[in-house]
Each structure stands twice: as structure tokens, then as C-alpha cells.
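Undergrad: Provided herewith is a single structure, encoded as C-alpha cells, for subsequent inquiry.
The values are calculated or read from the model by the stated rules, or taken from the named source; none is laboratory data. Everything numeric in this text was worked out from a predicted model, so none of it was measured. Positions of Cβ are generated from backbone atoms using ideal geometry, with glycine treated the same way; all protein chains shown enter the neighbour counts. Accessible surface areas use protein heavy atoms only, side chains included; no ligands, DNA or RNA. Shrake-Rupley method; radii C 1.70, N 1.55, O 1.52, S 1.80 Å.
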There are 2 protein chains.
Amino acid sequence: MHHNGAVGARRDDDREFTVTETVRLFDAENPLELRSGASLKEVDVAYETWGSLNNDRSNAVFICHALTGDAHAAGWRKGAKRAGWWDTLIGPGKPVDTTKWFVVCANLLGGCRGTTGPSSVNPASGEPYGLDFPLLDMSDFVTVHRALGHHLGVDRWAVLIGGSLGGMQVLQWTLDHPEDADNAIVLAGSSRLTAQNIAFSAVGRQAIMRDSGFRGGRFLSEGTSPKKGLAVARMMAHITYLSEEAFSEKFGRAAQSGELTPNFGVDFAVESYLNHQGEAFQSRFDALSYLYLTRVMDYFDPFAAPDALKALASNAVKFLVMSFDSDWRFSTEHSRRIVRHLEGARVPTSFREIRSPWGHDSFLLSIPDYHDTITAFLARAADEMGQR
Amino acid sequence: MHHNGAVGARRDDDREFTVTETVRLFDAENPLELRSGASLKEVDVAYETWGSLNNDRSNAVFICHALTGDAHAAGWRKGAKRAGWWDTLIGPGKPVDTTKWFVVCANLLGGCRGTTGPSSVNPASGEPYGLDFPLLDMSDFVTVHRALGHHLGVDRWAVLIGGSLGGMQVLQWTLDHPEDADNAIVLAGSSRLTAQNIAFSAVGRQAIMRDSGFRGGRFLSEGTSPKKGLAVARMMAHITYLSEEAFSEKFGRAAQSGELTPNFGVDFAVESYLNHQGEAFQSRFDALSYLYLTRVMDYFDPFAAPDALKALASNAVKFLVMSFDSDWRFSTEHSRRIVRHLEGARVPTSFREIRSPWGHDSFLLSIPDYHDTITAFLARAADEMGQR
């Protein structure tokens, strides 16, 4: 048995807490070769695990996080005020049942939550990389996370799951290495951003890069911060994560407190919500990672490659593709496009559009129809576990 | 005959050019009393006119401009590269035919295109107002523009026309002073912003106010400028002015030139478009005006007032309310709400939803069904001219 609870969790006062482990997976002798041709000589990867890997190593599930996620997908950290970002989905008795599955989640390459990224120190200079960090490709995320699998003793994943950017990574993984997975779940994902999608990302990046604290990306060395621009980028992005209906339901035109009293500060409740999202984000996320990760999404267009589906078509990865009907960031049309390509290559694919009023963020919520569909898909996956 | 072409136009080399006139309508002896209770002791108003007022003064049309518009709605200025912002609609032989109608357009109070606003000099201090400029209400726009009418000899307008914020002003004008107008055209307007609408405005304002050049609104006195934040606000707003389909049609995923070459600069054509919109806006618009005018829209909620429709219901203003089916900034639901309130008060109202793929900006475009509807409405208005 590999990596039981002792690796990814600590027990304290009868409660099990998760901890994020970090491992150096690439170094000077074994550098990470990127899709662009560039390489990185030091790559640390932060990850968490839940549950235990079974003897034939057939119950491993990899969680691909979204743009601003991290390795802490589920459970509690000591002293934390909230659980991991996908705690609704992952845990004992939950749709991704950690009493059955060995679940792994790792921070993305280029991120800022423990895995090497543009704010890490460049071993060549002793300074943070800044914009000297190489541009990344979705395949680079896959390269790093499959190396983590190998480190953990997992060569093959029963299930890859991801939402939004995470779903895009799942798709890339199965295209690059279909032999790595038995099943793949792509939630609220996309195989190709629209001009409007790119526009939102571009304006977010402009807010960061035009901040006087950005200093051409050298803000860490210079002791400044583009945190105001980062907050604006986050506030704008948040508008796209909820449906218009959800904004109306949650906030309407209510005042933040008492009656509306016209001024340029925070008066409407929706302004207070956005400001809070912006402020909270400043303290937990890095402006450079925001640039690098959004740019990977902009350029992602895997089906444009000739023979993109050739390897996947001759393997038997089973797909579940899901969208949410009120999601206007990655509308159902994005998911349909993925399904059309997969089905065109005879890849077994289930598609579900879930009714939800909450927009893109729906994949993070406990929506019965959504969770039931995941549960059923995983029940079948469990039946077939290790058969392939 | 009042104010013929000689007021609003100059002939040169056989071409008639428009010029913007400025008039002081309020001064220390006759201050502008605002809805908030504050007052302004110097208010200049910039305006243009087209066509000639007839003898019984019954052919006057007032054009209410949108958020970033100005008095130059139609025709050409000498040396200009483009015509006025609504030149598709207004001119000889056009739907608003300036051979028949006497047309007036004026810059909004709080604006930055000739009418007094927050960047004007505060006579009390000798410095630009900045955030000492009082907050405005939609009714204040009406007060100033009806004063301009009186100055021009127009007590009653055959037609008030406006799109977006302009449509909101038309609605306010008819609620405040229904005796001022025979007909009212409200295009792509709203009687109450949604939480999502407010969210977009709020983030745009945050981009401006968090710019290090903003200096608490004193940037003119201090020789700085929040132009980067203003550009970001404009870029974001532009995303909402077009439909997703329009973005895909116009730009798709095309490279700005040649092939996509991954970087953080301008690579996709849509990025180039947005950057251009941001840069062009910096040079023609003022960050403070952007704050003041968007805030008026946020708080606009005229039907919330008790008896809001009482005066209008006992007058005979005829309404044409139009929306565009791909407009997601002010969707058709906004127009339907206006229509429900008007019809509930027995106000004669025609409603049309126009099919257009272009989104909110459709009201600025030559869409046959849209223009034909305006033409027909104005033909009936011309038949009834001066009858009331």
C-alpha cells in the first residue's frame, strides 16, 4: 500500500487535517523540458492527497484545479476558516469518496501556491523570475503532474477530473497521454476560448501590467506590487463567474447597509462583494501567475493540431463532459464542441448540461443533479477499476 | 425663424461643417439647483444644432447622448476623420431628417466635452473641482438641457431621442416634465440597472480610482493622470457593448498580424481592438466624468418613486421603446420593464425588439429594421406636428 493517510493528512484532537507536501520533481540533472523548447532546472510541486492507494494502484484520481485554485482541494487545514475549494465534491461519502479513491491534487506549474512559478527564484540569477519565466503550454501542466504521479507510484489514473481550466488540462492530458487514464471528467471547460473570453482575460492582464507597481514584472525585486491591478482583474473576472440571475438573486440593488446613500465608495451590496473578492485575492495570489495561467488558456486550441485525436481514438478513455446552462463564461457551446470532437473520433463520451442558476461557478457548488451524475459515473468507474 | 443653419454649421468649400457652441446657462445670479440640494454657480453647456426651427417652433428634436458621447452627434467637423457619433441616424434624408427637423444635441452636465463637469474650474477655489463636484442625478441632466431649450426658443420638443444613458435621460425628462415633449424614443435603455450592470460600472470605477495617478481626484491640480485605469475601464466596458457573437464575427481567434506568436503583448486581433479603444479613450475623455456619469446610471430608479408616473399619465407623450435582441448590457428585459410601467399608466407606447447580432452598440448602427421603425414613428410625429 502506497501513501496512506499519513502522507497527506495529520490527525489532531480527533480531527484529520490536511497538509500540503512539496517535492522537487525536476532539477539540473533532470530539467523540465517545456513545449516551447525552453527548460526549467528547478521545479517543485505542491500537492495534497486524500485516501489510500490500493494494492494494484488502480484507484487513483487526479484533480486538476481551475485558474486560481491550489493543491488544497478538500478537507481542513489547522486553524482554517474554510475547507478546501472542492470540499463539496471530495471527501468521505462524497461524490469523489475518499474512502474508496486515492485522490491527488497539485498546484499548477506557473502557479503561486507552492509549485514553481514566475515568482519563484530563478536559480540562474538568484532573483525572482518575473517575466523571464518561460511562457507555458497546457501540455507543460500535464508533464509536471504526470511526473508527480510517477513519484507517488501512480502510472495510470482511474479518473482525471477538472473544472474550467482544470477541465482543459484533463482534455490535454488525455490527448497527450491517453494511456494514463481510464476515465476523464471535463466540467465547464473549453477546447478553445472565444474572442470574448480572450477579451476578458486580456483586460484583466492589462489592469495588472498597467499598474504602476508592476515594474515590468520585477515588482518582487523592487519591493512594489501591482496588487491594485490584480484586485481589479479579479473583480472583473468574478462578474463572469456568476450568471446575471445569480447576481440579481444574491444582491439585487440592495444597499451594503441600511439605505442607499449616493457616493463613490461602496454603497451597493454587489460593490462590497466585489471589493471583498478583490482584496482577498491580493493576499493569496500572485499577479505574475495570473498572467501566465490566463495566457495558457488563451492559446489553448488542442483540436487545431493535425491528428490531435489520433492517440486518444485508439485508447478507451471514457469521458463525462458537463456544462451548466447559466454559465456564460464557458457556455454549453464550449462543451458541445469538445463532445463533437470526441464523438467524431469514436471516443466514448457522456454529455450532460446541468440546470443551475449560478453560472460558471456552478462546478464548485453542491447541485444535486450535478453531484448525482458524478457519483453514477464514478460508480461505474469503480466497477471497472483495474480491468483495463 | 430661430436658429437656422448659421448657428450650428459653417459652410466651407461647398461643405457644411458643424461647430460646437457653448453658452453659460447658469451663473451666480441664477445658480443651478441640483436634485441633491447642492448648487452650481457656473454652468456652461456645449451644444450643436442641425436644420432650422420652424415658425411655430414645433419641429424641435432633442438628442440625448450616451455615457461617452458629446454634442457632436452628426455631420463633420473641419479636418475630422469621422462624422459625429450618430451620423447614421441624423442628417438630410436620414431617419432624423434635418431638412424637416431642427435637431439639438448637448453635452451632459458632469461631462468633459464642453459642458461643466468635475474637471471644470471650481469658481470657489480656482482649481478643478475633482471630487468636490457634487454628485448628480438624472433629473439634473434634464434641468440643464431644458434650460438650453429655453435659450434656443424651444419650450416644447416634438421628439426626445436617446440611446442607453440617453434613453434613460429621455425617460426621466418625460417623467419630470411631460409637458415638454410630444414624443419620446428610448433605445437600448433601462429604468433600473441590475446588480451585474452595477458590477461592471463599479469595477471600471475601481480601475480608475485605484490608479496611482488618480490622487483622490486631484490629478489635474497635481499634474498626474489616471489614464491607465481609464483605459482599462473603457476596455472592459467595450466587452459589454458588443455581443459575444459580434466579437467572434469581428475577431474570432485571429492574430493581430500573421500567425499567433505567444507573448504577453498584443497578439490576438481582439487584444489590438481593445487596446486601441482604451488608448483612443484616454485622449478624449476624462476619468472624473466617467465616475460621475456612471454613478448617475447606477442610482437611476425612477419608477421606485411614489407617483412617478402620475404627471406623465395625464399627458399625451407617445413613446417608442426599442431593444436589440443580442444586447446583454441592457437586455430586452430592461426595455420590457419600461414598457410595463408606461402601459400600466396608460401611456401610449410602441415596443419593438430589433434583431441584430451586434449587441448594445446596435443603436449606433444602420440596421434597416431599426431605422425604418424610427422613420415611421417620426413620419407620424411630423403629421401631428404642432397639433397638441
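Undergrad: Of these, A:190, A:201, A:164, which one is in contact with a helix residue (DSSP H, G or I) (Cβ under 9 Å, 6 or more places away or on another chain) and farther than 30 Å from residue A:59 by Cα?
TA: A:201
Undergrad: If you don't mind, there's one more thing I want to ask. Kindly evaluate residue A:282 against the criterion of being in a helix (DSSP H, G or I) and on the phi < 0 side of the Ramachandran plot.
TA: yes
Undergrad: Between B:130, B:114, B:84, B:69, which is under 22 Å from residue B:169 (Cβ atoms) and in contact with a helix residue (DSSP H, G or I) (Cβ under 9 Å, 6 or more places away or on another chain)?
TA: On inspection, the qualifying residue turns out to be B:69.
Undergrad: Looking at the stretch B:118-132, I want the residues that are acidic (Asp, Glu) and have a partner that is open to solvent by 70 Å² or more (accessible area, probe 1.4 Å) and not in a loop (DSSP other than H, G, I, E, B) with Cβ atoms under 7 Å, at least 6 apart or on another chain. Which pairs are those?
TA: If the second residue must be open to solvent by 70 Å² or more (accessible area, probe 1.4 Å) and not in a loop (DSSP other than H, G, I, E, B), the pairs left are B:127/B:121.
Undergrad: Against the conditions (1) touching a residue at least 60 places away in the same chain (Cβ under 8 Å); (2) of a type in the set (D, E, K, R); (3) closer than 24 Å to residue A:293 by Cβ, where does residue A:100 fall short? Just the number, please.
TA: Just one mismatch for residue A:100, condition (3).
Undergrad: Residue A:185 passes all but one of (1) buried (at least 24 other Cβ atoms within 10 Å of the Cβ); (2) farther than 17 Å from residue B:203 by Cβ; (3) in contact (Cβ under 8 Å) with a residue 40 or more places away in the chain; (4) facing chain B (nearest Cβ under 9 Å); which number fails?
TA: If we test residue A:185 against (1) buried (at least 24 other Cβ atoms within 10 Å of the Cβ); (2) farther than 17 Å from residue B:203 by Cβ; (3) in contact (Cβ under 8 Å) with a residue 40 or more places away in the chain; (4) facing chain B (nearest Cβ under 9 Å), just (4) comes out false.
Undergrad: Please go through the stretch A:280-327 and pick out each residue that is over 21 Å from the mean Cα position of the chain (by Cα) and within 14 Å of chain B (Cβ to nearest Cβ).
TA: Passing the criteria: A:304, A:305.
Undergrad: Also, I was wondering about something else. Within the stretch B:18-45, which residues are part of a strand (DSSP E or B) and β-branched (Val, Ile, Thr)?
TA: Matches in the stretch B:18-45: B:18, B:22, B:23, B:43, B:45.
Undergrad: In the stretch B:240-279, what residues are open to solvent by 50 Å² or more (accessible area, probe 1.4 Å), within 27 Å of the chain's Cα centre (by Cα) and among the acidic types (Asp, Glu)?
TA: The answer is B:244, B:245, B:249, B:279.
Undergrad: Charged (D, E, K, R), more than 23 Å from residue A:57 (Cα to Cα) and surrounded by fewer than 16 Cβ atoms within 10 Å (Cβ to Cβ) - does that describe any residue in the stretch A:119-127?
TA: Yes.
Undergrad: Separate question: Among the candidates B:283, B:314, single out the residue that is under 28 Å from residue B:111 (Cα atoms), open to solvent by 60 Å² or more (accessible area, probe 1.4 Å) and modelled with pLDDT under 95.
TA: Unique residue meeting the criteria: B:283.
Undergrad: Are any residues in the stretch B:287-307 open to solvent by 20 Å² or more (accessible area, probe 1.4 Å) and in contact (Cβ under 8 Å) with a residue 24 or more places away in the chain, and if so, which ones?
TA: Across the stretch B:287-307, the qualifying residues are B:299, B:301, B:303, B:304.
Undergrad: Let me ask another. Kindly provide the set of residues from the stretch B:162-190 that are over 15 Å from the mean Cα position of the chain (by Cα) and either closer than 13 Å to residue B:299 by Cα or of a type outside the set (Val, Ile, Thr) (or both), ordered by number.
TA: B:175, B:176, B:177, B:178, B:179, B:180, B:181, B:182, B:183
Undergrad: Just to be sure, is residue B:59 open to solvent by 30 Å² or more (accessible area, probe 1.4 Å) and either of a type outside the set (D, E, K, R) or at pLDDT 95 or above (or both)?
TA: So residue B:59 fails the test.
Undergrad: Does residue A:237 satisfy the condition of being surrounded by 22 or more Cβ atoms within 10 Å (Cβ to Cβ) and more than 8 Å from every other protein chain (Cβ to nearest Cβ)?
TA: yes
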